[in-house]
Amino acid sequence: MQTFDVVVIGAGPGGEVAAGRLAEAGLDVAIVEADKVGGECSFYACIPSKAMLRPGELLTEARRTPGVREAVSGKLDVRAVLDRRDDLIGHLDDSGQLPWLEERGVTLVRGWGRLAGDKRVEVGDEILEARRAVILAGGTRAAIPPIDGLAESRPWTNREATTSQEIPESLVIIGGGVVGVEMAQAYTSLGSRVILVEGEHRLLHREEPFACEQVTESLTEQGADIRTGQSAVAVRRDGDKVEVTLKDGSTATAAEVLIAAGRTPLSKDLGLDTDGFIEVDDRMRVPGSDWLYVIGDLNGRALFTHMAKYQAAIAAGDILGRDMVAAHPADGLGAPRVIFSEPQVAAVGYTAARAAEAGRNVRSVDIATEGNAGGAFFGNPRGTTRFIVDEDRGVLVGATFTGTDVSDFLQAATIAIVGEVPITRLRHAIPPFPTRSEIWLYLFNALGI
């Protein structure tokens, strides 16, 4: 039996950050990983998907910019795009991730880790004992809903979609959330005929309606077939084709089918009496166990890499006696989030609908994202910015941006929301001219300040 101060199960982004912070503070830390160090994000999600999306994004912007448009001809070099993606994910070899742990003195244990009693972790025939804490950071896998014939039809999940060495002639995507929309965007840009099926009546139904409408219009213009309000009821593979039957009796046929219908927590074989998301308090501790922490997707609070890292910092701080818990709207459903579609969608805090549900007295201010001097240099006709202002407190509690390259707009709004900076104080943060940051001036003008 080996003994450590802390044992972390799961070497994805959250687990790595927790282990690293604790080791840097002088603790003896082990991290257990059954798959790849770096986790889903590094190899099968965030990194490869953005590598597949970026070339099409650049080409689209070039084609709508006079002077550049005339210099651009031809289509994307698909092989070059996929080769660059493979470089960025280390060709599915995690050896490039190991030095970061080694430099911090973190012990890596390969294998499936499960709890075997208080502060004990079983990995194969080995027992790891923790003096202070165990952190569960095992993440999730793609959910496979019980659709007739789906499992037998060899569906793609995010893993196959982000690592495929070929672009299929056609692709049916079941699920119009973030993964479904981003993969529809990527595969359309790379030459596939895409059919996107969503059971709700609009894509990205948790975001502002205008964001969903703009993304739907854009995907349709690019050639994608969007079918909302249509859930899949049966799937059949026949040779090199897959047929998906929808609830209205219509069908969608393609070379491959991708299921993008949510995530399932990897909690079934962790030694706990649950196979769902694991409840935690604001310090990421499991109620009733002051030594057991759960971070990242596994607790179901906010399924984003950056939020897993944030929760890792909270858990590590609690173990080290450094309380960093703070209540704010940019957490949970309001966590900062970006959808790398065309146009991009970036949001933080409340949407108008969620603010109303929460009983907040808010005012929504809508502004054209490109409706200023800085925006004149961008050719995207679509783009809306919505600010949600708490009228009682005079602070920003939500923001949604759509448009070209709006992902980096988000941090300023996040700072304003988390910092609870009064709008009257924000008025003195003047954006330089001519930049698209002048959307903030339009907000102040609309509020009369």
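Quick grid of which residues meet (1) over 20 Å from Gly176 (Cα atoms); (2) not in a strand (DSSP E or B):
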site	(1), (2)
Ala326	yes, yes
Glu342	no, yes
Ala355	yes, yes
Arg363	yes, no
Ile367	yes, no
Gly371	yes, yes
Ala376	yes, yes
Gly379	yes, yes
Of those in the range 70-85 that are aliphatic (A, V, I, L, M) and over 27 Å from the mean Cα position of the chain (by Cα), the residue surrounded by the most Cβ atoms within 10 Å (Cβ to Cβ) is Val72
If we keep only residues of the range 224-281 that are touching an Asp or Glu at 6+ places or on another chain (Cβ under 6 Å) and surrounded by fewer than 16 Cβ atoms within 10 Å (Cβ to Cβ), then the residue farthest from Ile173 (Cα to Cα) is Lys268
Is there a residue in the range 117-125 that is closer than 30 Å to Leu258 by Cα and among the aliphatic types (A, V, I, L, M)?
-> no
Scanning the range 164-216 for residues that are crowded, with 24+ Cβ neighbours inside 10 Å and of a type in the set (Ser, Thr, Tyr), the one farthest from Thr140 (Cα to Cα) turns out to be Ser189
Residues of the range 15-30 being farther than 20 Å from Val123 by Cα and in contact with a helix residue (DSSP H, G or I) (Cβ under 6 Å, 6 or more places away or on another chain), in sequence order, are Val17, Arg21, Leu22
Residues in the range 301-325 that are touching a residue at least 24 places away in the same chain (Cβ under 8 Å) and closer than 28 Å to Thr385 by Cα total 9
Margin query: Among the residues of the range 415-436, are any in contact with a strand residue (DSSP E or B) (Cβ under 6 Å, 6 or more places away or on another chain) and within 28 Å of Glu217 (Cα to Cα)?
Written below: no
Exactly one of Glu198, Glu169, Glu213, Glu129 is closer than 28 Å to Val17 by Cβ and acidic (Asp, Glu), and that residue is Glu129
Within the range 11-31, the residues that are closer than 14 Å to Gln97 by Cα and of a type in the set (A, V, I, L, M, F, W, C) are Ala11, Val17, Ala19, Ile31
Of the listed residues (Arg202, Arg154, Arg206), the one being farther than 20 Å from Leu59 by Cβ and either within 17 Å of the chain's Cα centre (by Cα) or among the small types (Gly, Ala, Ser) (or both) is Arg206
When every residue in the range 419-445 that is of a type in the set (Val, Ile, Thr) and surrounded by 18 or more Cβ atoms within 10 Å (Cβ to Cβ) is compared, the one farthest from Asp392 (Cα to Cα) is Ile439
Inset, instruction - Check whether at least one residue in the range 405-420 is closer than 30 Å to Thr60 by Cα and not in a helix (DSSP H, G or I), and report yes or no. - result: yes
Practice prompt. Assess whether Gly262 counts as being in contact with a Gly (Cβ under 7 Å, 6 or more places away or on another chain), in contact (Cβ under 8 Å) with a residue 40 or more places away in the chain and not β-branched (Val, Ile, Thr).
Written response: no
With the first residue restricted to the range 110-121 and required to be without any contact (Cβ under 8 Å) to a residue 60 or more places away in the chain, and the second required to be part of a strand (DSSP E or B) and of a type outside the set (Val, Ile, Thr), Cβ contacts under 8 Å at 6 or more apart or on different chains are Arg120/Leu128; Arg120/Glu129; Arg120/Ala130
Condition (residue is more than 29 Å from Ala313 (Cβ to Cβ), under 27 Å from the mean Cα position of the chain (by Cα) and either part of a helix (DSSP H, G or I) or touching a residue at least 40 places away in the same chain (Cβ under 8 Å) (or both)) applied to the range 237-248: is it met by at least one residue? yes
Filtering helices (runs of 4 or more DSSP H) wholly in the range 1-97 for at least 3 residues that are farther than 29 Å from Ala130 by Cβ and among the hydrophobic types (A, V, I, L, M, F, W, C) gives 46-63, 78-88
Condition set among the small types (Gly, Ala, Ser) and under 27 Å from the mean Cα position of the chain (by Cα), scope the range 97-115, selection surrounded by the fewest Cβ atoms within 10 Å (Cβ to Cβ): answer is Gly111
When every residue in the range 249-262 that is part of a loop (DSSP other than H, G, I, E, B) and of a type in the set (A, V, I, L, M) is compared, the one farthest from Leu303 (Cα to Cα) is Ala255
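All of the numbers you see were taken from the coordinates with simple rules; none came from a lab. Note that the coordinates shown come from a computational prediction; the quantities given were computed from them, not determined experimentally. Glycine also receives a Cβ, built like all others from the backbone with ideal geometry; neighbour counts cover every protein chain displayed.
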